[in-house]
Amino acid sequence: MSKILLPTLILVFTGLVLSSLKAGAAETSTVTATVTAQNVSVTVSDNSVTYGTMSLGSSKSTITLSDTQTATNAGNVTSQLNIKGQNSTGWTLAGTAGSDQYVHKFCVSSCSTPPTNYTALTVNYQTLSASIAASGTQNFDLELTVPNSSSTYTQQSVDVIVQAVAL
């Protein structure tokens, strides 16, 4: 071999070795990623109020019935709880009792002397609690006033709906 060829071969060979070391070198790192599906849910217990038979224009509350309701955030995120009433088949939900108009109210604190701190329900959602953590609860009482006069004397379903909305 010639004197020039040997150093050239050594340089080429060294370059190939270094080049293959670079190409084969790799390093990895892992990003641990977790996710939980959002669950927005509410339960109400005991979820049943029986006002019974009432005189026209009279009122009754869950306090006198010893039937305070408890809304529980059954989801896994902090939520706002909302509440609304509804019209029955024979009566319209209203702010004041009238002919075939009944009043349903809710209260979350200092409820022992209705109508103090009671808010009239409407057919639209209102805030029951602005922020309840997962598994948190909100107690509330209800008060019902039957119409002053009625064209129906059959049992009316005057349900209250509680809704959870994720914050």
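The values are calculated or read from the model by the stated rules, or taken from the named source; none is laboratory data. Since the structure is predicted, the reported quantities are computational estimates derived from the model, not experimental observations. Counting neighbours? That spans all protein chains shown, and the Cβs are built from the backbone with ideal geometry, glycine included.
Return the residues of the range 17-47 that are outside any loop (DSSP other than H, G, I, E, B), of a type in the set (A, V, I, L, M, F, W, C) and either modelled with pLDDT of 95 or more or touching a His at 6+ places or on another chain (Cβ under 7 Å) (or both); say none if nothing qualifies. Give the derivation first.
Our first condition is that a residue be outside any loop (DSSP other than H, G, I, E, B); within the range 17-47, this holds for 17-24, 42-45.
Filter once more, keeping what is of a type in the set (A, V, I, L, M, F, W, C): 17-18, 21, 23, 42, 44.
The answer is VAL42, VAL44.
Yes or no: the range 136-150 includes at least one residue that is small (Gly, Ala, Ser) and farther than 15 Å from THR43 by Cβ. Step through it out loud before you land on a result.
To start, the set of residues in the range 136-150 that are small (Gly, Ala, Ser) comprises 136, 149-150.
Adding the requirement that they be farther than 15 Å from THR43 by Cβ leaves 149-150.
So far as the range 136-150 goes, yes, one or more of its residues are small (Gly, Ala, Ser) and farther than 15 Å from THR43 by Cβ.
What are the residues in the range 94-111 that are more than 21 Å from ILE63 (Cα to Cα) and surrounded by 15 or more Cβ atoms within 10 Å (Cβ to Cβ), if any? Show your work before the answer.
Within the range 94-111, the subset more than 21 Å from ILE63 (Cα to Cα) is 94, 98-101.
Within the range 94-111, ALA94, GLY98, ASP100, GLN101 qualify.
In the range 103-156, what residues are over 17 Å from THR92 (Cβ atoms), in contact (Cβ under 8 Å) with a residue 24 or more places away in the chain and outside any strand (DSSP E or B)?
The initial filter retains those residues of the range 103-156 that are over 17 Å from THR92 (Cβ atoms), namely 106-119, 125-143.
Pick out the ones that are also in contact (Cβ under 8 Å) with a residue 24 or more places away in the chain and you get 106-108, 111-112, 114-115, 118, 125-143.
Answer for the range 103-156, where residues must be over 17 Å from THR92 (Cβ atoms), in contact (Cβ under 8 Å) with a residue 24 or more places away in the chain and outside any strand (DSSP E or B): VAL108, CYS111, SER112, PRO114, PRO115, TYR118, TYR125, ALA133, ALA134, SER135, GLY136.
Would you be able to say whether some residue in the range 49-60 is part of a loop (DSSP other than H, G, I, E, B), modelled with pLDDT of 95 or more and crowded, with 16+ Cβ neighbours inside 10 Å?
Of all residues in the range 49-60, those part of a loop (DSSP other than H, G, I, E, B) come to 49-58.
Then keep just the ones that are modelled with pLDDT of 95 or more; that gives 49-58.
Those left that are additionally crowded, with 16+ Cβ neighbours inside 10 Å: 49, 51.
Yes, the range 49-60 contains a residue that is part of a loop (DSSP other than H, G, I, E, B), modelled with pLDDT of 95 or more and crowded, with 16+ Cβ neighbours inside 10 Å.
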TODO: Would you be able to tell me the number of residues in the range 112-146 that are within 18 Å of THR62 (Cα to Cα), more than 11 Å from the chain's Cα centre (by Cα), modelled with pLDDT of 95 or more and not polar (S, T, N, Q)?
DONE: 9
- [ ] With the checklist (1) farther than 19 Å from PRO147 by Cβ; (2) part of a loop (DSSP other than H, G, I, E, B); (3) β-branched (Val, Ile, Thr); (4) modelled with pLDDT of 95 or more in hand, flag the one item THR70 doesn't pass.
- [x] (2)
Open item on the list: Quick check on the range 62-93: of everything there that is of a type in the set (Gly, Ala, Ser) and farther than 18 Å from VAL162 by Cα, which residue is surrounded by the most Cβ atoms within 10 Å (Cβ to Cβ)?
Closed with: GLY90
